[in-house]
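Here the structure comes first, spelled out in structure tokens, and everything after it is commentary.
What follows draws every value from the coordinates through simple rules; no lab data is involved. Since this is a predicted model, take the numbers as computed values, not measurements. FYI the Cβ positions are ideal-geometry reconstructions off the backbone, even for glycines, and counts take in every protein chain you see.
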Ligand code: SF4
């Protein structure tokens, strides 16, 4: 079986925009958690799929999440 590898990505969460609505933690719980200020932080580690990350970014009502695919 061939393992599908995720391309290198960078995820940014703007804490100027995050209001802690928590849609991202529901869309991609392996990738985002809320910090002690109630704002989302990306946990990295590569366990979430690219589709989950894009779903989380799309779910954010504040457009606070950017998923950048790097070469
Ligand atoms: S969905 Fe957006 S506003 Fe809500 S916690 Fe995640 S990044 Fe913040």
Working from Cα positions, state the angle (0 to 90°, nearest 10) between the long axis of helix 50-59 and the longest principal axis of the chain. 20 degrees
Give, in nm to one decimal, the length gained when the segment between residue 36 and residue 59 is fully stretched (0.36 nm per residue of separation minus the Cα-Cα distance). 6.1 nm
Quote the FRET efficiency, to the nearest 0.05, computed for residue 49 versus residue 10 with a Förster distance R0 of 25 Å and r equal to the Cβ-Cβ distance. 0.95
What share of all Cα pairs of region 9-69, in percent, falls into each consecutive 10 Å distance bin? 27, 62, 11
Considering only DSSP beta bridges whose two residues both sit in the chain, what percent are antiparallel, to the nearest 5? 100 percent
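What number, rounded to the nearest 500 deg cm²/dmol, is the helix-based mean residue ellipticity at 222 nm of the chain, given -39500 (n - 2.57) per DSSP H run of at least four residues and division by all its residues?
For the chain, the value works out to -5500 deg cm²/dmol.
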